[in-house]
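Report on one structure; see the data block that follows.
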Amino acid sequence: MSAERKILYLCGGAQSSGSTLVSWCFLQRRDMDGVLDAAPDLLPSLDPGLGGPLAWYKTTLVCFRLCELADYHRDQGWEVHPLLVVRDVREVWASLVRKSYGSNGITAEDPPLRMRLRRFLDDWQRFRANDWPILQYEELVGHPRRTLAAACDRLGLPWDEAMLTWPKHSADIADCQLGNKTFWNTRASNLLDTLASYAKQPKITLIPAMDLGWLEDQFREFNAANGYPLHIELPASSAAASPPLSFATTRRYHWEIARRPIRRLLLMLGFQNRSLIERCSVKQRRA
């Protein structure tokens with residue numbers, strides 16, 4: 001890649017949107033290399049030599065909007081070509097709350113689920129207003145070649161059959177340190193075989209009524225534009241409680257416990273009184 005023109009293809013989507021699968025397809029290209037799945041709470045300075053010759057970077061929209069990341073990388077001297085991955089947010093929500101990283105937290109690293117999805121919605125509205133390329137997960141599952149070819153065309157890229165056949169291994173890609181666990185567990189030797197295993201997975205329908213109402217209200221325009229039903233009926237068993245906002249489920253909480261042995265000991269002994277634990281931690285810091 002020339003020093004005068006650093007080209008970055010920047011991809012993002014909500015967590016559990018299928019964006020890791022999309023990322024793997026693009027990283028199979030002979031002209032592209034980069035980051036399969038970046039940490040969503042970090043703003044890295046990418047190596048100017050990243051790429052083969054084109055650079056790829058995929059992340060999930062948790063702490064930053066994709067438009068913010070695009071501006072950040074432009075500030076670093078990259079020519080940015082963004083791509084947004086979308087999926088029915090009801091499927092996103094139902095999948096996300098079952099994952100360890102789907103905690104309804106209250107910290108910058110693990111923000112509330114609704115805040116994460118509002119950031120995604122802001123990005124979608126910006127992409128739509130600017131006619132930037134959007135790839136729909138459901139279309140990829142149903143029509144993989146056509147969907148990937150259309151995304152390449154929108155990004156100004158030639159078609160590469162490797163996006164379907166997957167000749168590269170993890171060691172052939174610059175950064176595969178992260179990546180969705182579901183993707184690694186279901187990945188086959190090529191895209192079509194991988195999608196066949198996805199099709200066998202049962203549909204997830206457990207969404208609390210309050211959260212379903214919020215999703216269908218906030219994403220009404222999104223659902224209509226993408227051909228998703230405006231409303232779905234869920235079985236009575238889905239009337240579970242919404243995941244509560246919690247500090248104890250966040251990574252920052254566990255970092256704090258690891259740094260403060262007294263707090264950790266109290267928790268191991270079964271103490272649930274948060275104010276007592278906090279007072280003990282403060283005394284420990286002052287000691």
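The values are calculated or read from the model by the stated rules, or taken from the named source; none is laboratory data. Since the structure is predicted, the reported quantities are computational estimates derived from the model, not experimental observations. Here the Cβ positions follow ideal geometry from the backbone for every residue, glycine too, while neighbour counts run over all protein chains shown.
For Arg145, state whether it is assigned by TED's automatic domain parsing to the domain that holds Thr60, part of a helix (DSSP H, G or I) and without any contact (Cβ under 8 Å) to a residue 60 or more places away in the chain.
yes
Collect the residues in the range 42-56 that are in a loop (DSSP other than H, G, I, E, B) and under 19 Å from Glu161 (Cα atoms), keeping them in residue-number order.
Gly51, Gly52, Pro53
Which count do you get for residues in the range 13-36 that are of a type in the set (A, V, I, L, M, F, W, C) and either in a helix (DSSP H, G or I) or free of Cβ contacts under 8 Å to residues at least 12 places away in the same chain (or both)?
Residues flagged as of a type in the set (A, V, I, L, M, F, W, C) and either in a helix (DSSP H, G or I) or free of Cβ contacts under 8 Å to residues at least 12 places away in the same chain (or both) within the range 13-36 amount to 6.
Filter the range 147-177 down to residues that are more than 22 Å from Val80 (Cα to Cα) and surrounded by 13 or more Cβ atoms within 10 Å (Cβ to Cβ), then give me how many there are.
6
Does the range 226-238 contain any residue that is assigned to a loop (DSSP other than H, G, I, E, B), surrounded by 12 or more Cβ atoms within 10 Å (Cβ to Cβ), of a type in the set (Gly, Ala, Ser) and modelled with pLDDT under 85?
No.
If I ask for residues that are more than 15 Å from Ala151 (Cα to Cα) and in contact with an Asp or Glu (Cβ under 8 Å, 6 or more places away or on another chain), which ones from the range 16-27 would you list?
Correct list: Ser16, Thr20.
So Glu79 clears everything in (1) crowded, with 22+ Cβ neighbours inside 10 Å; (2) at pLDDT 95 or above except one condition, right? Which one?
So the condition that Glu79 fails would be (1).
For the range 83-96, does any single residue satisfy the condition of being surrounded by fewer than 22 Cβ atoms within 10 Å (Cβ to Cβ), touching a strand residue (DSSP E or B) at 6+ places or on another chain (Cβ under 6 Å), in a loop (DSSP other than H, G, I, E, B) and of a type outside the set (A, V, I, L, M)?
No, that holds for no residue.
I'd like to know if the range 57-73 contains one or more residues that are modelled with pLDDT of 95 or more, over 18 Å from the mean Cα position of the chain (by Cα), assigned to a strand (DSSP E or B) and not acidic (Asp, Glu).
Within the range 57-73 (the criterion being modelled with pLDDT of 95 or more, over 18 Å from the mean Cα position of the chain (by Cα), assigned to a strand (DSSP E or B) and not acidic (Asp, Glu)), the answer is no, since none of the residues qualifies.
Looking at (1) assigned to a loop (DSSP other than H, G, I, E, B); (2) free of Cβ contacts under 8 Å to residues at least 60 places away in the same chain, which is the one condition that is false for Ala39?
Exception for Ala39: condition (2).
Please specify each residue of the range 67-82 satisfying the condition of being more than 15 Å from Leu42 (Cβ to Cβ) and out of contact with any Lys or Arg (no Cβ under 8 Å at 6 or more places or on another chain).
Ala70, Asp71, Arg74, Asp75, His81, Pro82
What's the total number of residues in the range 108-155 that are of a type outside the set (A, V, I, L, M) and in contact with a strand residue (DSSP E or B) (Cβ under 7 Å, 6 or more places away or on another chain)?
Of the residues in that region, 8 qualify.
Kindly indicate which of Asp175, Asp122 is assigned by TED's automatic domain parsing to the domain that holds Tyr57, touching a residue at least 24 places away in the same chain (Cβ under 8 Å), touching a Leu at 6+ places or on another chain (Cβ under 8 Å) and not hydrophobic (A, V, I, L, M, F, W, C).
Criteria check complete, one pass: Asp175.
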